[in-house]
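Asks: Have a look at this one.
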Amino acid sequence: MERLTGKIALVTGAASGIGAAIVERFLAEGARVIATDVTAFPDDPVDGVLHLRQDTSREDDWSASIERAIAEFGRLDILVNNAGVTSRNPGPLTETSLDSWREVLSVNLDGVFLGMKHAMRAMVQKGGAIVNVGSVHSFVAIPNSAAYCASKGGLLMLTKAGSLEGAALDPPIRVNSIHPGYVETPLLESRIAQQPERRNAVEAATPLSRLARPAEIAAAVLTLVTDYTAYITGTALCVDGGYTAR
């Protein structure tokens with residue numbers, strides 16, 4: 001049974017990894033998808049998918065993406081704020097430049113705020129569902145990643161604040177966050193290749209003793225946007241193999 005038949009979804013950071021897996025799952029469930037990313041998509045067209053270039057830290061890009069979604073499909077039912085970055089030069093807080101700090105916050109927090117702002121405006125007549133992709137580091141910190149941890153912690157509370165405003169609307173707009181643990185994405189794999197011992201450390205810290213697969217994160221996102229979960233809003237769902245249970 002297709003659980004998103006007739007739904008229109010916008011997914012950011014959709015060119016690879018978790019975002020690409022979300023797009024694939026949404027399509028399989030009957031949705032039509034606006035897939036956006038700051039990097040290029042493959043040239044091959046995909047039925048049911050509109051590929052757009054978008055820098056989520058720029059408000060004019062958000063305006064353009066939402067306007068294109070409405071022009072192409074008539075409405076927007078689902079937003080997944082998946083785009084995110086880590087610092088290009090991780091290191092101690094005392095050695096983190098203001099530019100590096102702002103680069104991470106501009107995508108991971110400003111971009112989510114802008115997405116919620118413009119999507120909620122587009123959804124206000126018919127309601128909808130928004131999922132913000134956080135991290136286990138919304139809850140537990142790691143050293144040398146102050147900007148990343150701060151951005152993902154802020155995303156958690158931004159989600160809750162947005163859920164209260166969305167719940168007051170008629171029909172409501174549900175806003176939830178999902179918090180993956182360590183996932184087998186191209187970005188993580190490239191870093192593990194440089195530090196092979198990191199995989200062993202991550203698996204040892206995860207009760208299920210393995211990394212997540214992107215499709216597993218996509219399945220959890222699907223759960224939060226279907227009509228079957230219409231009573232869930234303001235929730236932070238950890239999909240982390242038990243990482244934050246300790």
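Asks: Using θ = phi - 60° and the Karplus curve 6.51 cos²θ - 1.76 cosθ + 1.60, what whole-Hz ³J(HN,Hα) does each residue of segment 4-13 get, with Gly and Pro shown as x?
Replies: 10, 4, x, 7, 10, 10, 10, 10, 8, x
Asks: Can you compute the label reach from Ala168? Point 7 Å from Cα along the Cβ direction, backbone N cut-off under 18 Å, restricted to segment 202-246.
Replies: Only 233-235 fall inside the zone, counting backbone N under 18 Å.
Asks: With N denoting the number of residues in segment 131-246, provide Rg(C-alpha) divided by 2.2 N^0.38 Å, to two decimal places.
Replies: 1.15
Asks: Dividing the alpha-carbon radius of gyration of the chain by 2.2 N^0.38 Å (N being the number of residues), what value is obtained?
Replies: My calculation over the Cα atoms of the chain gives 0.97.
Asks: Moving to a separate point now. What size of dipole, in debye to the nearest 20, comes out for segment 51-95 about its Cα centre when the only charges are +1 on Lys and Arg C-beta atoms and -1 on Asp and Glu C-beta atoms?
Replies: 120
Asks: Please report, in debye to the nearest 20, how large the charge dipole of the chain is about its Cα centre when each Lys and Arg carries +1 at its beta carbon and each Asp and Glu carries -1 there.
Replies: 520
Asks: Starting from 0.36 nm per residue, how many nanometres of slack lie between Ala245 and Arg58 once their C-alpha separation is accounted for?
Replies: The span from Ala245 to Arg58 would gain 63.7 nm if fully extended.
Asks: If I model a spin label as a point 7 Å beyond the Cα along the Cα-Cβ vector, how far apart are those points for Asp47 and Ile70 in nm?
Replies: Modelled inter-label distance: 3.0 nm.
Asks: Here's something else I'd like to know. Report the Cα centroid-to-centroid distance between segment 222-237 and segment 42-110 in angstrom, as an integer.
Replies: Rounded to whole Å, the Cα centres lie 22 Å apart.
Asks: What is the dipole size for segment 29-111, taken about its Cα centre, with +1 at each Lys and Arg Cβ and -1 at each Asp and Glu Cβ, in debye to the nearest 20?
Replies: The calculation lands at about 120 debye.
Asks: Given the -39500 (n - 2.57) contribution per DSSP H run of 4+ residues, what per-residue ellipticity at 222 nm results for the chain, rounded to the nearest 500 deg cm²/dmol?
Replies: -13000 deg cm²/dmol
Asks: Place +1 on the Cβ of every Lys and Arg and -1 on the Cβ of every Asp and Glu in segment 40-126, take the dipole about the Cα centre, and give the residue among Pro92, Ile66, His51 whose Cα lies farthest towards its positive end.
Replies: Checking the options against the dipole of segment 40-126, the answer is Ile66.
Asks: Quick check on segment 1-44: take the gyration tensor over C-alpha atoms, sort the square-rooted eigenvalues as a ≥ b ≥ c, and tell me if it's rounded (a/c under 1.5), prolate or oblate.
Replies: Note, shape of segment 1-44 comes out prolate.
Asks: Top mean-square fluctuation among Ile130, Ile142, Ile217, Gaussian network model of the chain, C-alpha springs under 10 Å?
Replies: Ile142
Bear in mind that the values in this text are calculations on the coordinates, not laboratory data. Source: prediction; values computed, not measured. No Cβ is skipped: glycine too gets one built from the backbone with ideal geometry, and neighbour counts run over all protein chains shown.
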